[in-house]
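We did not get these values from a lab; they are worked out from the coordinates using the rules stated. Note that the structure is predicted; figures quoted are calculated from it, not measured. Glycine also receives a Cβ, built like all others from the backbone with ideal geometry; neighbour counts cover every protein chain displayed.
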Amino acid sequence: MEQVIVAFENPKSAFRVREVLESSGTASCILCTSAGQVRRTVHKLHVTAVVCGFKLPDQPAEALFGDLPPSCAMLVLAPQNLLDLLQEEDIFRLAAPVPRSDLTASVRMLLQMGRRLERILRPRRSEEEQAIIRQAKAVLMDRNGMTEEEAHRFLQKTSMDHGSKLIQTAQMVLDSADWES
């Protein structure tokens, strides 16, 4: 089950939201009581979704949103008059009180948005790294008679088995080819 941070000034609100999300199987919740705690948790655990009230004891939700990584989506639950005060267009809003079904559907959408943002914003390999991987695949294809797809799968599996990055495994293939030459 995916994780979502739930942060409200009122602990009862946080517990109610957690109960709805966890009992429905929507998400596992990490309760936070301040904006500072939310920031630390997002960065430490790479959580991509925050459900919170309009403000927390140390900072308004809108200011907190500006401190979160671009891959983290936020849903603010508050009375409509407070939601109308939010100026940040990228914050999702849900007027309280909220039906359980609306809350779970909104959090599912929030988690999906976080996954998409993470994929889009994930750092890409440099041209140099891509060239090393292509060279390693060429060596495997030439020496072992593999197709490009088989060589790529071999690099992926070997890197996973050894707990190393794909680029490190590709470099090891190239180093061992140089050693054999």
Self-check item: Most to least packed among 44-56, 125-137 [average Cβ atoms within 10 Å]
Solution: 44-56, 125-137
Self-check item: Listed residue (S176, L68, F54) projecting farthest to the positive dipole end of the chain, Cβ model
Solution: F54
Practice problem: Determine which lysines satisfy two conditions relative to K12: a Cα distance under 29 Å, and not lying fewer than 8 residues away in the same chain. | Solution: K44, K55
Quiz prompt | Helix 35-45 vs. the chain, principal-axis angle (Cα, 0 to 90°, nearest 10) | solution = 20 degrees
Exercise. Give the relative contact order (percent, whole number) for the range 49-151; include only Cα pairs under 8 Å separated by 6+ residues.
Key: 23 percent
Self-check item: Spin-label pair L121/F15, simplified geometry with 7 Å Cα→Cβ offset, distance in nm
Solution: 3.3 nm
Exercise. Please report M109, M74 as a ranked list, fewest other C-beta atoms within 10 angstrom at the top and most at the bottom.
Key: M109, M74
Quiz item: Given (i) 46, 16, 14; (ii) 27, 17, 15; (iii) 22, 19, 16 as candidate values of semi-axes √(5λ) of the Cα gyration tensor in Å, which corresponds to the one derived from the coordinates?
Solution: (i)
Quiz item: What's the exposure ranking of D90, D67, going from fewest to most Cβ atoms within 10 Å?
Solution: D90, D67
Exercise. Using a 10 Å cut-off on Cβ atoms, rank the peptides 95-104, 168-177, 80-89 from the highest mean neighbour count down.
Key: 168-177, 95-104, 80-89
Self-check item: Beta bridges per DSSP with both ends in the range 1-127, % antiparallel, nearest 5
Solution: 10 percent
Quiz item: What percent does the relative contact order of the chain come to when contacts are Cα pairs within less than 8 Å and at least six residues apart?
Solution: 16 percent
Quiz prompt | Qualifying lysines (Cα of each under 24 Å from Cα of K157; at least 8 residues distant if same chain) | solution = K137, K165
Quiz item: Helix 148-162 sits at what angle to the longest principal axis of the chain, using alpha carbons and giving 0 to 90 degrees rounded to 10?
Solution: 70 degrees
Quiz item: Out of G145, G25, G66, any idea which swings most in a Gaussian network model of the chain, alpha carbons joined below 10 Å?
Solution: G145
Self-check item: Percentage relative contact order, the range 127-180, counting C-alpha pairs under 8 Å, at least six apart
Solution: 41 percent
Exercise. Choose one answer from A73, A35, A138: the residue with the largest mean-square fluctuation in a GNM of the chain with alpha-carbon springs under 10 Å.
Key: A138
Quiz item: Dipole magnitude of the chain about its Cα centre, charges +1 at Lys/Arg Cβ and -1 at Asp/Glu Cβ only, in debye to the nearest 20?
Solution: 540 debye
Quiz item: Top mean-square fluctuation among I30, I120, I167, Gaussian network model of the chain, C-alpha springs under 10 Å?
Solution: I167
Quiz item: Quick one: Kirkwood hydrodynamic radius for the range 127-180, alpha-carbon pairs, angstrom, one decimal?
Solution: 10.8 Å
